[in-house]
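K.L.:
My structure is below; once you've seen it, I'll send some questions.
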Amino acid sequence: MRVRFISERVKAIPEELLQYSIETSVLTPNNEYVVFALCTMCGEPWYLLCDDYYRADSIDSFPRYYPAMLFDVVDATHSKYWVEYQRIDEYVDTKPEVTNYSFPEFAQDPYFYGELLEACDENCSKVFNRYKLLMETEAWNDYPTATLGQKLKIAALPDEGLHEIHTHCTANREEVEASSRCACFYCQEVFRATEVKDYIVEPSMDYRETALCPRCGVDTILGDAAGIPFYKELIEKLHRHYFG
């Protein structure tokens, strides 16, 4: 499940929800985010997300809950890793039983999220980060379907055309930061651009920076701001050409 943050709606958050820590400054307007849990609290739906600064290797990083009203749904498909479970909405006077969705360990342990926040159980972080990677791969690795004509054009694309595309994976920090999604033609994964955290400096190119893939660490990232369609057939062809 993917949602898009609509920053203009922050001003419309009901007063009764403002008592909860809703940190929106760590989200980028119009960026898309993967939903790791869908819960009902205070009688309202909330999404569990990782903000732009989340790092799996940091004990200071943790997923946050946000009111669903702040987002548009981009893809409503529930993750195949989710299970449905019942939980009492403690924030409503009548204490109704509500239906929530998340991965099994989260669903079975009512203290799982609290342990993530407190970083008191290393295993909880490992479990969450494992599902995070699985769900992000599931949510982002959705190549657009190429038509027969597009497939034929890709099949006929000469080496010069591949080399032109390849130029976009070097000294590309500005292009990546202007993108919504990126694709890596080494590991052939598709992911949101804000996941890219690491860059290397290119002294021979006026010290501009080249993005490294957050999944495999290789400098073979293309951002959609380059105008290159992420057809599976094209990414596979690039991989075959440069890596055999």
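No lab work stands behind these numbers, since they all come straight from the coordinates. Because the structure is a prediction, the values reported are computed rather than measured. Quick reminder, even Gly has a Cβ in these numbers, built from the backbone with ideal geometry, and neighbours come from all protein chains shown.
K.L.:
Just want the ordering: Tyr111, Tyr231, Tyr81, from fewest to most Cβ atoms lying within 10 Å of their own Cβ.
P.N.:
Tyr111, Tyr81, Tyr231
K.L.:
How about region 62-97: which GluC sites (Glu not before Pro) there lie in a loop by DSSP and see at most 12 other Cβ atoms within 10 Å?
P.N.:
Hits after loop and neighbour filter: Glu90.
K.L.:
Roughly what angle does helix 232-243 make with the longest principal axis of the chain, taking Cα atoms, 0 to 90 degrees, to the nearest 10?
P.N.:
Tilt of helix 232-243: around 60 degrees.
K.L.:
Now a separate question. What shape does region 2-140 have by the C-alpha gyration tensor, where a ≥ b ≥ c are the square roots of the eigenvalues, rounded means a/c under 1.5, and otherwise prolate means a/b greater than b/c and oblate the rest?
P.N.:
Rounded, since a/c falls under 1.5.
K.L.:
Let me ask something else. Could you pull out the chymotrypsin sites (Phe, Trp or Tyr not before Pro) across region 142-217 that fall in loop regions by DSSP (anything but H, G, I, E, B) with no more than 15 other Cβ atoms inside 10 Å?
P.N.:
Tyr207
K.L.:
Moving on to the next point. Between (1) 170; (2) 131; (3) 147, which entry matches volume of the Cα convex hull per residue in Å³ as derived from the coordinates of this structure?
P.N.:
Derived directly from the coordinates: (3).
K.L.:
Now, a different point. At most 14 other Cβ atoms within 10 Å plus a DSSP loop assignment makes a site exposed; report the longest stretch of the chain without any exposed trypsin sites (Lys or Arg not before Pro).
P.N.:
With trypsin sites (Lys or Arg not before Pro) excluded where exposed in loops, the chain gives 81-196 as its longest stretch.
K.L.:
Between helix 122-140 and the chain, what is the angle of the helix's C-alpha long axis to the longest principal axis, kept within 0 to 90° and rounded to the nearest 10?
P.N.:
50
K.L.:
In terms of Cα to Cα distance under 13 Å, which aspartates and glutamates are near enough to Lys232, apart from those fewer than 8 places away along the same chain?
P.N.:
Hits, sequence-local ones excluded: Asp142, Glu189.
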